[in-house]
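Mind looking over this structure? Questions follow.
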Amino acid sequence: MIFGTDGGLRVSAPMVIANARSLLAAGRGCLHARAAASLTVLDLAEVGEVDSSAVSLILAWLRTAGERGLQLRISNPPASLLSLASLYGVADLLPLA
């Protein structure tokens, strides 16, 4: 689902409402396990499906990372995620790697 890697985190599950609660908790757990003041890359290359909850998840993880003093960057975002973020007017808030 979501797990830590040497350089950050990798999501391997659909980022949809059915998975949102468990992804949120797992992502926060992974972020809390990271060393403070480190760059953390959130790799979304394996995410095949997103809905509007994906935008909320990313924003929540960004908030958690900020509270921990982590610098979170997003790599390989699905085009549909970028489209949703643009639609909701928050695309500029997504720190792309």
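Just so you know, all these numbers are worked out from the coordinates, no wet-lab data involved. Treat the numbers as computed from the prediction; the structure is a model and nothing was measured. Glycine also receives a Cβ, built like all others from the backbone with ideal geometry; neighbour counts cover every protein chain displayed.
Given a 10 angstrom Cα cut-off, can you work out which residue in ALA60, ALA26, ALA35 is the most mobile in a GNM of the chain?
So, out of ALA60, ALA26, ALA35, the one fluctuating most is ALA35.
Using only DSSP helix segments of four residues or longer, with each worth -39500 (n - 2.57), what per-residue ellipticity at 222 nm results for the chain after dividing by its residue count and rounding to 500?
Helix contribution divided over all residues of the chain: -14500 deg cm²/dmol.
If amide H atoms are built 1.01 Å from N in the plane of the peptide, which residues on other chains or at least 5 residues away come under 5 Å of the amide H of SER75?
When sequence neighbours closer than 5 places are left aside, the close amide H contacts are LEU42, ASP43, LEU44, ALA97.
Report, by chain and number, residues whose modeled amide H sits under 5 Å from the one on SER38, excluding near sequence neighbours (fewer than 5 apart, same chain).
Answer set, sorted by chain and number: GLN71.
What list of ³J(HN,Hα) values in whole Hz, one per residue of region 4-13 in order, does the Karplus curve 6.51 cos²θ - 1.76 cosθ + 1.60 (θ = phi - 60°) give from phi, with Gly and Pro shown as x?
Result, rounded to whole Hz: x, 10, 4, x, x, 10, 10, 9, 10, 10.
Still on this structure, I have one more. Counting Lys +1, Arg +1, Asp -1, Glu -1, what net charge surrounds MET15 among other residues with beta carbon under 11 Å of its beta carbon?
Taking every other residue near MET15 into account, the sum is -3.
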